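To start, the structure itself, in structure tokens.
The values are calculated or read from the model by the stated rules, or taken from the named source; none is laboratory data. These numbers come from a predicted model, not from an experiment. All Cβ positions, glycine included, derive from the backbone under ideal geometry; neighbour counts span all protein chains shown. Accessible surface areas use protein heavy atoms only, side chains included; no ligands, DNA or RNA. Shrake-Rupley method; radii C 1.70, N 1.55, O 1.52, S 1.80 Å.
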Amino acid sequence: MAHTSQSIPKAKGLPVLGNVQFDSPTWLVDRYHEFGPVFRMSILQHRMIVLAGSEANLLMREEGDTLFTSRDTWKNVLEAFGANNPFMLAWDGPDHATLRAGLKAGYAGSTLYPQMPKLMDSLVRLMMRWPRHQAMSVTPLVKRLVSLLLAYMAINQEPNEVMDDLIYLFRTVIKIHLTQTRPGFMKYMPQYLKSRRNVIAMGQRVWNEHLMHDIAEEGGNFIDHVRRFQSEHPDLMTENDAIATIQTPFLAGMDTAAGSLSFLLFHILQDSTLREMVIAEADQLFADGTPTRASLRRMRQTRWIAMESLRMHPIATTLPRTATRDFEFQGYHIPKGTRCLIAISVTHHLPEFFPNPMRFDIKRYAPPRMEHTQTHAYVPYGIGSHACLGASTADLLFLIVTAALFHHLEVEMSPPDHVLRVIRNPLTCPDDSFRMVIIGKRRAPR
């Protein structure tokens, strides 16, 4: 007989604040060991049920479409960017599948390869402007790099005039509507209104510029994919929806990729052996000229370092969902309308999948171990029908940023024995005490 929702064990939390530390993978793992794959928690009076571990990952993969919706979670986020209808992040069912299939190629990392010379030039020029012999907080620097790279993917140009507005708006929208760590009245504040106005105006300007050119017959850049889908499915995507859609690479990737890159740089700077591996592969990459798909594939050890960093600091620790119907899970009854958190990252820290899980070990991904190939165990980009379409783009960004940095600059962590501290801003990332110093130039840009 299934237990009622009231009998589901509840994690202890702070008065009023509740379980504000919930997005720490180790906290979720500890609760999983304490309660099993189902437990209750709260954040700022918002109550929810956590489904965790390989059991929950299997549920999401096999029945996520029929049991859950993400529409309630994302609808207010999408309205902030001027959309008339929900789009990829909020849709479910057949409409979501249609949109995902239509835009899949646009989110792929392959869209960046034709722009690689221009992209690398902008990336290295930005790095070369960083001051020397001055400790700099890493995450803010990386966020600007990521914004630049995502701009090339989304709008095919640098977003210089609105970069600060982009960073502020996306961070604030997520805090208000997604993590709910900021009050709703912030969307009426002058800075929010100004940033929203400027970002939407940029999207409209870029859209209008592209309307002056024919849509590529096949392939093309991200905007071509959006224009093609909008012309073929005007019932699903209005022009306002299309303009909002070209902002989604920022929404989906800015804070996630910036946080992941910051963690990656911490592990490289912390370990001289890893740093030597990265430098050797980066120097070989640029010795072949502008990075290509083939030359980037040869960066095996850098890729393994990135994979291990994603295991320890996954982009998505939980997936927020709402139950669309009553169902039973692991002996518990989950009522329709329940807000759930699917704690997919718990498996990353379970020794039955990853022995000695708190140890940073890149050999996990090399033959014969290949621990990441275990079913439902390694899910850094989510799982199920809403798994990240831009995973290949994120992997590409990790490689080109890391390679460009360590090939062109001599970098050290400051202080060298810094102890990592993790915060939410709005998603998990190292706090500003994680700093690096540019000691000098290793290679001049070509």
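Observations
- Test result for His386, farther than 26 Å from His96 by Cβ and of a type outside the set (Val, Ile, Thr): no
- Residues in region 427-442 that are open to solvent by less than 10 Å² (accessible area, probe 1.4 Å) and more than 14 Å from Ser262 (Cα to Cα): Ile438 alone.
- Selection within region 280-294: residues that are part of a helix (DSSP H, G or I) and surrounded by fewer than 18 Cβ atoms within 10 Å (Cβ to Cβ). The member of this set that is farthest from the chain's Cα centre (by Cα) is Ala287.
- When the residues of region 337-350 are filtered to those that are modelled with pLDDT under 95 and assigned to a loop (DSSP other than H, G, I, E, B), the one that is least open to solvent (accessible area, probe 1.4 Å) is Thr338.
- Evaluation of His349 against the conditions (1) of a type outside the set (Gly, Ala, Ser); (2) out of contact with any Pro (no Cβ under 7 Å at 6 or more places or on another chain); (3) more than 28 Å from Ala97 (Cα to Cα) shows that the sole unmet condition is (2).
- Matching option when the condition is among the basic types (Lys, Arg), open to solvent by less than 10 Å² (accessible area, probe 1.4 Å) and assigned to a helix (DSSP H, G or I), among Arg364, Arg303: Arg364
- Residue in region 102-115 that is touching an Asp or Glu at 6+ places or on another chain (Cβ under 9 Å), at pLDDT below 80, surrounded by fewer than 21 Cβ atoms within 10 Å (Cβ to Cβ) and over 24 Å from Asp241 (Cβ atoms) present: yes
- Test: residue in region 58-70 that is among the aromatic types (Phe, Trp, Tyr), modelled with pLDDT of 80 or more and over 30 Å from Ala244 (Cα atoms): no
- Just one of the listed residues (Ile383, Ile344, Ile439) is farther than 30 Å from Asp65 by Cβ and among the β-branched types (Val, Ile, Thr), and it is Ile439.
- Taking region 389-431 and the strands (runs of 3 or more DSSP E) fully enclosed by it, the elements with 1 or more residues that are among the charged types (D, E, K, R) are at 409-414, 422-424.
- Count of region 80-99 residues which are modelled with pLDDT of 75 or more and either of a type in the set (Ser, Thr, Tyr) or open to solvent by 50 Å² or more (accessible area, probe 1.4 Å) (or both): 4
- Long-range neighbours under 7 Å by Cβ, at least six apart or interchain, first residue aromatic (Phe, Trp, Tyr) within region 353-375, second assigned to a loop (DSSP other than H, G, I, E, B): Phe353/Gln374; Phe353/Ala377
- Hits in region 379-401 - residues which are among the hydroxyl-bearing types (Ser, Thr, Tyr) and crowded, with 23+ Cβ neighbours inside 10 Å: Thr393
- The residues listed here are Phe286, Phe263, Phe250; of these, the one that is of a type in the set (Phe, Trp, Tyr) and at pLDDT 95 or above is Phe263.
- Residue in region 318-330 that is in contact with a helix residue (DSSP H, G or I) (Cβ under 7 Å, 6 or more places away or on another chain), surrounded by 15 or more Cβ atoms within 10 Å (Cβ to Cβ), part of a strand (DSSP E or B) and among the aromatic types (Phe, Trp, Tyr) present: yes
- Taking the numbered list (1) open to solvent by less than 30 Å² (accessible area, probe 1.4 Å); (2) of a type outside the set (Val, Ile, Thr); (3) more than 23 Å from the chain's Cα centre (by Cα); (4) within 25 Å of Arg293 (Cβ to Cβ) in turn, Met413 passes all entries but (4).
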